[in-house]
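Input: a single structure, listed below in structure tokens.
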Amino acid sequence: MDSSSWIAIYLPIFLVLVIIIPAQRRNIYITGKIRKKRGVRKVSNELIKSCIGKTCTISTGTLGSSYNKVKVIEVIDNWIRVDSKGRENLINSDYIQNIKILS
């Protein structure tokens with residue numbers, strides 16, 4: 001085999017193993033450090049339990065949905081049961097970003 005075929009075969013493998021994979025691992029490590037530094041924490045269920053029986057607005061992020069004027073019925077483990085216009089919904093508390101108590 002001549003040198004051009006060696007380059008065509010082994011250069012992509014070399015790039016993946018030596019450059020791309022270690023860079024991705026470094027990126028994951030760095031984003032984890034940033035999250036710890038910013039103080040990203042999950043919402044405590046004890047705080048949510050204080051909202052039982054109250055009307056709230058619950059936001060699960062910019063790409064998630066927002067629940068406006070819902071009444072919190074109960075909190076079980078990390079799930080919240082809410083009543084919105086006669087319909088019951090379950091919300092995972094791991095994805096909640098903020099809760100605004102309306103009344």
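Details
- Residue under evaluation Thr55, criteria (1) at pLDDT 85 or above; (2) within 20 Å of the chain's Cα centre (by Cα), criterion not met: (2)
- Of Asp83, Asp94, all but one fail to be free of Cβ contacts under 8 Å to residues at least 60 places away in the same chain and outside any strand (DSSP E or B); the exception is Asp94.
- If you go through the stretch 59-75 and keep only what is modelled with pLDDT under 90 and either assigned to a strand (DSSP E or B) or within 13 Å of Leu90 (Cα to Cα) (or both), you end up with Ser59, Thr60, Ser65, Ser66, Tyr67, Asn68.
- Residue list for the stretch 61-73, filter: without any contact (Cβ under 8 Å) to a residue 24 or more places away in the chain and either surrounded by fewer than 12 Cβ atoms within 10 Å (Cβ to Cβ) or among the polar types (S, T, N, Q) (or both): Thr62, Leu63, Ser65, Ser66, Asn68
- Only one entry of Ser50, Ser44, Ser3, Ser84 meets the criterion of being modelled with pLDDT of 75 or more, small (Gly, Ala, Ser) and either loosely packed, with under 10 Cβ neighbours inside 10 Å or within 22 Å of the chain's Cα centre (by Cα) (or both), and that entry is Ser3.
The values are calculated or read from the model by the stated rules, or taken from the named source; none is laboratory data. The structure presented is a predicted model; accordingly, all values stated were derived computationally and were not measured. Every residue, glycine among them, receives a Cβ derived from its backbone with ideal geometry; neighbour counts consider all protein chains shown.
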